[in-house]
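Since the structure comes first, as structure tokens, the remarks are kept for the end.
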Amino acid sequence: MRILVWHVHGGWMEAFVRGRHEYLLPVETDGGPWGLGRGGRDWPDNAVEVDLATLDPDSVDAVVLQRPEEIAAVARSLGRKPGVDLPAVYLEHNTPKGDVPFTVHPMADQRTIPVVHVTHFNQLFWDTGSAATVVIEHGIPDPGRLYTGEREEMGIVVNEPVRRGRVTGTDLLPGFAGVGPLRVFGMGTEHLPGALNLKGLGLGEERLRIAGDVPASQLHAELARCRLYLHPLRWTSLGLALLEAMHLGMPVLALGTTEAYRAVPRGAGLVSTDVDELQRFARRLLNDPDDAYAMGLRAREAALERYGLDAFLRAWDELLGDLRTRGSAAPTATAAGGAPRSAPPSHDAERTHP
């Protein structure tokens, strides 16, 4: 199939474009969220940059929507309306924002475009009304078991931690820095030292080591040298960096919110809403590399079983094949009950979670 899909969430696309289809990625001269194309990533040749203005409308078999505005953009550019004369699904990456758990999804109560959630938590908490929904959990291209844990540090991957604040658990970092050194990767992390002011808390500069935004291969190699992975995010769908750390063979500590409890099994680390308990566990792993190593093996085993690339691609093949068979009708999925709403609220999507 030839599938139109915008490059919105790079981590998710890393897996999606490794399927057997042709992936049409809109590109514009100035790039940006509506024309990033491949974005310079080392993706397979079947991830093809296209100009929507010159794309043959009849050559597109389906569209994977990720923003409500894309429906009008596709209709305007191709003269085909998603869900009517162009098979479509709407992929929801994020947890609901606003008045949770009453947040109404922008695709709620329509019956032509099914909503695909990346976690069961998202499916449970978004109010989609009578719209059909299905869950396809994340898949991760396996970076390999690179874990050494040689650095007595807690590795963290987070984008824009100062701007996002409590969402990413940035306010919790000083407490963990009191336990041991933090090595933080991601966009916007250079602003952390000034925002956290660890010196004012009596902590030395060595407790916060900013690694910044680095290519994936370098990130994996450097992260795997940290003794453990810390996932302090309060409200995120399910950080792909957490799943990557597990694939690397790292033991993980995570807040017991959203989908983390499902992703991290017993023996792979600790999931808790008790921050003091998490800090004590972090100290234990920093002091015991053998224990950390054993937990990392369990984490990798669990990640390969649940979040492997093959299962992810098979699930998408089944859904896309169902779309092609049924045309524009919604595939078999779970429809949540609810009274119809005439105008869903605007959808302020957060696309910078790791």
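Couple of notes before you dig in:
- Rg followed by Dmax, in Å, when region 98-193 is reduced to its Cα trace: 18.6, 53
- Mean separation of Cα pairs under 8 Å and 6 or more residues apart, divided by the residue count, gives region 100-207 a relative contact order of 20 percent.
- Annotation: the antiparallel percentage among DSSP beta bridges lying fully within region 1-149 is about 5.
- Toward the positive end of the charge dipole of the chain, with +1 on the Cβ of Lys and Arg and -1 on the Cβ of Asp and Glu, the farthest Cα among VAL271, LEU4, THR103 is that of VAL271.
- Separation of the GLN218 and ASP291 label points, Cα + 7 Å toward Cβ, nm: 3.4 nm
- Using the Cβ-Cβ distance between ASN197 and GLU301 with R0 set to 51 Å, the FRET efficiency from 1/(1 + (r/R0)^6) comes to roughly 0.80.
- Whole-percent carbon and sulfur share, accessible surface of region 189-272, 1.4 Å: 49 percent
- Angle in degrees between helix 275-287 and the longest Cα principal axis of the chain, rounded to the nearest 10: 60 degrees
- Sorting 78-85, 47-54, 111-118, 263-270 by their mean Cβ neighbour count within 10 Å, with the most densely packed peptide first, gives 111-118, 263-270, 78-85, 47-54.
- Principal-axis tilt of helix 289-306 within the chain, Cα atoms, nearest 10 degrees: 10 degrees
- Diffusion coefficient, µm² s⁻¹, Stokes-Einstein with Kirkwood Rh over alpha-carbon pairs of the chain at 20 °C and 1.002 mPa s: 101 µm²/s
- Here the chain carries DSSP beta bridges of which approximately 5% are antiparallel, counting only pairs with both residues inside.
- Summed over the residues of region 5-70 and divided among them, the accessible surface reaches 43 Å² per residue at a probe radius of 1.4 Å.
- Helix 69-78 axis versus longest C-alpha principal axis of the chain: approximately 40°, rounded to the nearest ten.
- Among ALA299, ALA195, ALA131: highest mean-square fluctuation, GNM of the chain, C-alpha pairs under 10 Å: ALA195
The values are calculated or read from the model by the stated rules, or taken from the named source; none is laboratory data. Predicted model, so just to flag it, every value in this text is computed and none were measured. Here the Cβ is made from the backbone with ideal geometry for all residues, glycine too, and neighbour counts use every protein chain on show. For the accessible areas, the whole protein counts, side chains as well, though only heavy atoms, and no ligand, DNA or RNA atoms are used. Shrake-Rupley method; radii C 1.70, N 1.55, O 1.52, S 1.80 Å.
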